[in-house]
1. Sort through 88, 71 and tell me the only one that's over 28 Å from residue 114 (Cα atoms) and surrounded by fewer than 17 Cβ atoms within 10 Å (Cβ to Cβ).
2. Given the criterion among the small types (Gly, Ala, Ser), more than 16 Å from the chain's Cα centre (by Cα) and more than 24 Å from residue 127 (Cα to Cα), identify the matching residue among 27, 22.
3. From the set of residues in segment 91-116 that are charged (D, E, K, R) and at pLDDT 90 or above, which is least open to solvent (accessible area, probe 1.4 Å)?
4. Taking segment 74-85 on its own, how many of its residues are open to solvent by less than 60 Å² (accessible area, probe 1.4 Å) and either of a type in the set (Gly, Ala, Ser) or at pLDDT below 90 (or both)?
5. Please give the helices (runs of 4 or more DSSP H) falling wholly within segment 1-65 in which 3 or more residues are closer than 15 Å to residue 91 by Cβ, open to solvent by less than 10 Å² (accessible area, probe 1.4 Å) and in contact with a Phe, Trp or Tyr (Cβ under 8 Å, 6 or more places away or on another chain).
6. Say we look at segment 117-136 and pick out the residues that are exposed (fewer than 10 other Cβ atoms within 10 Å of the Cβ) and of a type in the set (A, V, I, L, M); which of these is modelled with the lowest pLDDT?
Amino acid sequence: MDPTLITLASAGGAALVSAMAADGWSAFRTGVVALWRRFQPETTDALERDLDTTRQTLLAVPEGERQQVRDALQSVWQGRMLTLFLDDRTAAAEFEELLARLAPADTSHPHISFRAEVHDNGRVYQAGGNQFIHEQ
């Protein structure tokens, strides 16, 4: 699987969910719906309902609890976007252009958070970028 598509879907899911609670939501929503209508017209109505439901869910959560919900919603939308991009790579290129136009400058790099739990002699390797591990 192409890692650039995964990265783009990750950034897209983060930007989409972040935009839901921001002033630019209407323009972002319009762009995403137009993209879906072009590449998966048969699922656009369901997508619009899902976008609205996701936004209502996010905004209904108290601010102190919102990050956990935001993380879960981002995962859902990252998966949907990755599926779209894998079906047609042109959709990925067009979404990248949409992100460049609409996402605020500070969301060009998605927020990355790590969680790990290790027991006994387990190991965890986490990185926000390239990671090279040489074990002997």
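1. Of 88, 71, the one residue that is over 28 Å from residue 114 (Cα atoms) and surrounded by fewer than 17 Cβ atoms within 10 Å (Cβ to Cβ) is 88.
2. Checking each option against the conditions leaves just 27.
3. Ranking the candidates gives 94 first.
4. Total satisfying the criteria: 1.
5. Because the criterion is at least 3 residues that are closer than 15 Å to residue 91 by Cβ, open to solvent by less than 10 Å² (accessible area, probe 1.4 Å) and in contact with a Phe, Trp or Tyr (Cβ under 8 Å, 6 or more places away or on another chain), the helices (runs of 4 or more DSSP H) in segment 1-65 that meet it are 3-20.
6. 133
The values are calculated or read from the model by the stated rules, or taken from the named source; none is laboratory data. Note that this is a predicted model, so its numbers are computed, not measured. All Cβ positions, glycine included, derive from the backbone under ideal geometry; neighbour counts span all protein chains shown. In case anyone asks, the SASA skips ligands and DNA or RNA and just uses the protein heavy atoms, side chains included. Shrake-Rupley method; radii C 1.70, N 1.55, O 1.52, S 1.80 Å.
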